[in-house]
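Only the coordinates and a few stated rules stand behind these numbers; no lab work does. Since the model is a prediction, treat every value here as computed from it, not as a measurement. A quick note on method: Cβ atoms are made from the backbone with ideal geometry, for glycine too, and the neighbour counts reach across all protein chains shown.
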Amino acid sequence: AQSVAQPEDQVNVAEGNPLTVKCTYSVSGNPYLFWYVQYPNRGLQFLLKYITGDNLVKGSYGFEAEFNKSQTSFHLKKPSALVSDSALYFCAVRDMGSGTYKYIFGTGTRLKVLA
Amino acid sequence: GAGVSQSPSNKVTEKGKDVELRCDPISGHTALYWYRQSLGQGLEFLIYFQGNSAPDKSGLPSDRFSAERTGGSVSTLTIQRTQQEDSAVYLCASSSGPGQGNNEQFFGPGTRLTVL
């Protein structure tokens, strides 16, 4: 079965420090992987995606993610966290087994950047 | 506006009543998704529409839930005989084609449903 896991419910990081939000996946075939962010009282916004090519993907707001096939991971990273990065982050993978373009989302990780 | 819109933004209803939630996708987007976001549960896929193809209804939790998409644009999610466990934020998203599999989704602000 296709699945995606975000093992941390919450991540706390000091402003200016690097941050990592973890995501692992289980799919058949080549994965299509996405990160979305949900700021307080706002809708989900696309951050970045991995389809093919370079394992390091750069996205919006200075975020990047590294696709690691051997570890089946797609961790979200940022070199220097901002207080404004505090939000709920979702990892998603396309369900390759469904025969349609259905996506599976993780349970979300709440990032709190402390001033 | 150019984004996905949903109405109403908030809906409070009594147990047993029917509700209809509306989604207006981005013009020209052929794919439309409905999700449910419950506290601590992440996003739960409900249903997916792609053009004129039969929808993927595999995520609908019970036969009380149904959705339709008229004219390939506006979609309505209907919940019949609402239960308290239906309380959640219902999110709609749209995506452009034809390469649906690698295109990001654009989400609406959601409808917060509270069943008393």
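Loop-resident trypsin sites (Lys or Arg not before Pro) (DSSP state other than H, G, I, E or B) in the stretch A:39-93 with no more than 10 further Cβ atoms inside 10 Å of their Cβ: A:Lys69. Restricting attention to the protein assembly as shown, lysine pairs at least eight places apart or on different chains and with alpha-carbon atoms under 25 angstrom apart total 27.
Computed from the alpha carbon atoms alone, the convex hull of the stretch A:1-68 holds 121 Å³ per residue. Mind putting together the pair-distance distribution for chain A? All Cα pairs, 10 Å bins, whole percent per bin, short to long. Computed distribution, short to long bins: 15, 49, 30, 6, 0.
Treating r as the C-beta distance of A:Gln71 and B:Asn52 and R0 as 35 Å, the FRET efficiency rounds to 0.30. Relative to one another, the C-alpha centroids of the stretch B:10-39 and the stretch B:50-78 are positioned 10 Å apart. Mean-square fluctuations from a GNM of chain A, with a 10 angstrom spring cutoff on Cα atoms, peak among A:Ala65, A:Ala92, A:Ala81 at A:Ala81. Assuming charge only on the beta carbon of Lys and Arg (+1) and of Asp and Glu (-1), the dipole of the protein assembly as shown about its Cα centre is about 80 debye to the nearest 20. Placing unit charges on each Cβ (+1 for Lys and Arg, -1 for Asp and Glu) gives the stretch B:1-43 a dipole about its Cα centre, and among B:Ser27, B:Ser9, B:Gln37 the Cα reaching farthest toward its positive end belongs to B:Gln37.
Could you tell me what % of all Cα pairs in chain B have separations over 23 Å? Present the calculation step by step, with values, prior to reporting the outcome.
Working: 1527 of 6670 pairs.
Of the Cα pairs, 23 percent sit more than 23 Å apart.
Note on chain A: GNM, Cα springs under 10 Å; of A:Asn17, A:Asn41, A:Asn55, the largest mean-square fluctuation is that of A:Asn41. Of all beta bridges that DSSP places with both ends in chain A, some 85 percent have antiparallel geometry. Placing one identical point scatterer on every Cα of the protein assembly as shown and ignoring solvent, what is log10 I(q)/I(0) from the Debye formula at q = 0.10, 0.11, 0.14 Å⁻¹? Debye output, listed in q order: -0.46, -0.55, -0.89.
By DSSP, what percent of the beta bridges with both residues in the protein assembly as shown are antiparallel, rounded to the nearest 5? Once the DSSP bridges in the protein assembly as shown are tallied, antiparallel ones form about 90 percent.
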